[in-house]
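The values are calculated or read from the model by the stated rules, or taken from the named source; none is laboratory data. Everything numeric in this text was worked out from a predicted model, so none of it was measured. Reconstructed Cβ throughout: ideal geometry from the backbone, glycine too, with neighbour counts over all protein chains shown. In case anyone asks, the SASA skips ligands and DNA or RNA and just uses the protein heavy atoms, side chains included. Shrake-Rupley method; radii C 1.70, N 1.55, O 1.52, S 1.80 Å.
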Amino acid sequence: CNGLTNITIAGSVTSIGDNVFSDCTGLTSVTIGSGVTSIGYNAFRSCTGLTSVTVGKWIETGRLSGTGLETVKEIIISDGVTSIGDTAFSGCAGLTSITIPDSVTSIGNSAFSGCTGLTSITIPDGVTSIGVGAFYGCAGLTNITIPDSVTRIGGDAFYGCSNLTSVTIGNGVTSIENRTFSNCSGLTSITIPDSVTSIGSYVFQSCNSLTSVTIGSGVTSIGDHTFEACIGLTSITIPDSVTSIGDAAFKNCSGLTNITIPDGVTSIGVGAFYGCAGLTNITIPDGVTSIGSGTFYNCSGLTSITIPDSVTSIGGSVIFGYSGAFCGCTGLTSINFNGTVEQWDAIYKGLDWNNTTGDYTVHCTDGDIPKN
């Protein structure tokens with residue numbers, strides 16, 4: 001069938017068998033009717049001239065993998081399709097362009113994972129849900145706009161989109177799940193809208209070009225490892241709505257020089273500022289009761305810290321885990337404690353909590369205590 005250049009499969013057809021159009025090298029475009037519910041193995045194998053495919057409702061439950069269509073460059077999804085199924089276009093490395101109609105309301109798990117040639121995509125205003133790993137590893141994507149209609153962005157949705165430089169998150173999103181933008185090494189700025197109440201774990205881990213972050217006033221928690229290894233981040237403002245900062249939330253943010261922890265924070269996780277060598281001073285807000293192991297480990301630029309009298313414990317070394325809370329803070333000269341000498345002495349201090357620190361003085365409300 002090398003003379004065949006284009007084909008339209010009627011809506012009355014329900015299935016396309018194995019190898020039906022295999023080796024039709026002259027075929028350039030295919031329209032798959034809305035009645036098709038299955039496409040056989042290698043149905044379009046070695047159709048090397050095929051550049052454009054229009055798919056119907058089959059894509060709600062079917063997938064291109066194994067059909068021979070994985071190398072097609074342009075996909076058009078027919079009007080009337082309401083969802084893009086799980087792994088629908090997974091591994092379509094040749095795909096550079098796709099048109100999603102306004103009728104689509106959901107994008108399934110791993111729907112476009114591994115589509116490394118995809119450089120741009122428009123998510124229509126009707127979409128309310130983007131599945132787990134939906135665009136995982138789409139290294140060619142440079143920008144993405146998530147419309148206001150979207151309420152959920154699944155975990156790993158844009159993981160490893162290394163050329164993604166610009167993201168707009170719509171005002172309908174309420175939570176950003178784990179690892180959503182992890183390893184997006186080209187991402188330079190992000191604004192999290194007020195509609196978001198929680199930021200999951202590892203969301204921006206290793207986004208090493210990230211220099212600007214705006215966190216909306218609705219966020220109440222920052223998850224574990226959320227900004228870990230964001231080495232380009234120099235300052236961040238945490239809104240007053242935040243009550244907890246997760247374990248290793250800012251670990252190894254070596255460029256971070258300025259951060260304000262709001263008064264509403266009552267919990268700061270283990271290793272939260274581990275390796276933040278650029279920080280020079282920190283104020284722990286009233287209400288925090290413990291400073292965990294490794295919280296300020298190797299913050300070598302830290303010269304002063306203010307600790308409230310609500311703190312009852314300062315963590316030390318743990319087996320197979322973090323070192324002492326202030327271990328490696330070689331520049332530390334001043335600890336300002338908002339309580340008495342007696343209260344300071346009553347704080348539980350774990351093993352090596354102050355190992356390899358500077359010769360600091362603890363300034364209490366009724367006297368000073370030298371490092372011992």
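Please compute the net charge surrounding ILE98, taking Lys and Arg as +1 and Asp and Glu as -1 over other residues with Cβ under 11 Å from its Cβ. If you can, show how the numbers build up before the last one.
Working: positive: LYS73; negative: GLU74.
Once positives and negatives cancel, what remains is 0.
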Exercise. In deg cm²/dmol and to the nearest 500, what is the mean residue ellipticity at 222 nm of the chain if only DSSP H runs of at least 4 residues count, each as -39500 (n - 2.57), divided by the residue total?
Worked result: -500 deg cm²/dmol
For this session: First select every other residue whose beta carbon is under 12 angstrom from the beta carbon of ARG45; then total the charges, Lys and Arg +1, Asp and Glu -1.
Result: -3
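Rounded to two decimal places and with Rh computed the Kirkwood way over Cα pairs, what is Rg over Rh for segment 1-98? Before the final figure, lay out each step's value.
On the way: Rg = 12.0 Å, Rh = 13.0 Å.
Result: Rg/Rh = 0.92.
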Exercise. For segment 234-273, what value does the Rg/Rh ratio take when both radii are computed over Cα atoms and Rh is the Kirkwood radius, given to two decimals?
Worked result: 0.95
Problem set entry | Percent carbon-and-sulfur accessible area, the chain, ignoring ligands, DNA and RNA, probe 1.4 Å | 47 percent
Seminar exercise, completed: accessible surface per residue for segment 237-352, probe 1.4 Å, DNA/RNA/ligands not counted, whole Å² -> 38 Å²
For this session: Might you report the magnitude of the Cβ-based charge dipole of the chain about its Cα centre, with Lys and Arg at +1 and Asp and Glu at -1, to the nearest 20 debye?
Result: 980 debye
For this session: Return one quarter of the surface area of the convex hull spanned by the alpha-carbon atoms of the chain, equal to its mean projected area, in nm².
Result: 18.9 nm²
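Can you list the chymotrypsin sites (Phe, Trp or Tyr not before Pro) in segment 308-347 that are in a DSSP coil and have 13 or fewer other beta carbons within 10 angstrom? Walk me through the numbers on the way to the answer.
Numbers: sites: PHE320, TYR322, PHE326, PHE337, TRP344; in loops: PHE320, TYR322, PHE326.
Answer by residue number: PHE320.
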Exercise. Cross-link partners among lysines for LYS371, C-alpha distance below 17 Å, same-chain residues fewer than 8 apart left out?
Worked result: LYS349
